[in-house]
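Participant: The following block contains the structure, expressed as structure tokens.
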Amino acid sequence: MNLPDQTDHPSDDPVADAEALIASPSAGIGSRIRTYFLTGLIVAGPVAITIWLIWSFVTWVDGLVRPFIPVAFWPETYLPFRLPGFGLIIAFVAMTVLGFLTANLVGRTLVEMGEWFLERMPIVRPIYRGLKQVFETLFAKSGATFRKVGLVEFPAPGMWSLVFLSTPPGPEVMARLPNQEEHVSVFMPCTPNPTTGFFFYIRRRELIELDIPVEDAAKLIMTAGMIQPDGNADQQKKLAALAETARVAKIARTSVPAK
């Protein structure tokens, strides 16, 4: 019995499709060429884009750092070729040394003097404060920003959207929120660009926390649902579980009277 044309009913594994096509004597030359090309594109595409992004980042850092390095210290001064990544190594060493100096009394004093100077510059002050808070939040070891994923009922009843849990609201915001209930800060990213979206506060009892990694949720948003958490094999089970959780949470929320 001949195998069906894999191009008409593709599976989740393009390599398996190509192997099945090779074993199928009924497949035409056009179908084989198309399947081989798509398989090669799926295999080589992510690798090529990843290499290009890494190379672009390395060359960008090199371009920023190299003007501050004397020509006598450039590797190509003594080598017949340019050594990529030299600026990135220098930047890494410089950031490490700066962190080491900041950890002691002398370095901390110099940093405080620099911050004192920036705090007295009218235009630079708000920019510096904002960037400092962003970097401290993103790179702090104890930070819990965007470590959890949840569901909120938006944009209409019965419709649920993915959100990322952010830091808890501050005391001033909590004091102004109605009903004095526990609220959480959430960020709702947009599809397919998760760097844009909506930030708002919501009552914790109206939020459904999900046991999926933030990376999987980001892929789910960027691909508009084409890449589901835990792979396509468990897609229906995951969706059914999320729907049941949302249904139970909605019933529990409507049964609790508002304070």
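The values are calculated or read from the model by the stated rules, or taken from the named source; none is laboratory data. Every value quoted in this text rests on a predicted model; they were computed, and no experiment measured them. Every residue, glycine among them, receives a Cβ derived from its backbone with ideal geometry; neighbour counts consider all protein chains shown.
Participant: Output the residues belonging to segment 128-154 that are within 20 Å of the chain's Cα centre (by Cα), modelled with pLDDT under 80 and either assigned to a loop (DSSP other than H, G, I, E, B) or small (Gly, Ala, Ser) (or both).
Facilitator: Taking segment 128-154 as the starting set, the residues that turn out to be within 20 Å of the chain's Cα centre (by Cα) are 131, 133-152.
After this cut, where a residue has to be modelled with pLDDT under 80 as well, the list is 131, 133-147.
Selection gives Ala140, Lys141, Ser142, Gly143, Ala144, Thr145, Phe146, Arg147.
Participant: Here's a follow-up. Take Arg204 and tell me if it is among the basic types (Lys, Arg) and in contact with an Asp or Glu (Cβ under 6 Å, 6 or more places away or on another chain).
Facilitator: In short, yes.
Participant: Collect the residues in segment 77-136 that are of a type in the set (Lys, Arg) and farther than 30 Å from Trp55 by Cβ, keeping them in residue-number order.
Facilitator: Hits for segment 77-136 are Arg108, Arg120, Arg125, Arg129, Lys132.
Participant: With more than 18 Å from the chain's Cα centre (by Cα) and at pLDDT 70 or above as the only criterion, which of Pro192, Pro213, Pro157 stands out? Talk me through it step by step, then tell me what you get.
Facilitator: Working: Pro192 fails: more than 18 Å from the chain's Cα centre (by Cα); Pro213 fails: more than 18 Å from the chain's Cα centre (by Cα).
Matching residue, one of Pro192, Pro213, Pro157: Pro157.
Participant: Sticking with this structure for a sec: Only residues in segment 209-223 that are closer than 15 Å to Thr195 by Cβ and crowded, with 17+ Cβ neighbours inside 10 Å count as the first member; pair them with residues that are at pLDDT 80 or above and of a type in the set (A, V, I, L, M), Cβ under 7 angstrom, at least 6 apart or cross-chain, and list the lot.
Facilitator: Ala217/Val149; Ala217/Leu162; Ile221/Leu162
Participant: Residues of segment 153-164 being of a type outside the set (Asp, Glu) and touching a Phe, Trp or Tyr at 6+ places or on another chain (Cβ under 7 Å), which ones? Even if it seems obvious, please write down each step before you answer.
Facilitator: From segment 153-164, those of a type outside the set (Asp, Glu) are 154-164; that's our starting set.
Residues satisfying the conditions are Ser161, Val163, Phe164.
Participant: What single numbered condition from (1) assigned to a helix (DSSP H, G or I); (2) exposed (fewer than 12 other Cβ atoms within 10 Å of the Cβ); (3) among the charged types (D, E, K, R) fails to hold for Arg120?
Facilitator: Result: Arg120 passes all but (1).
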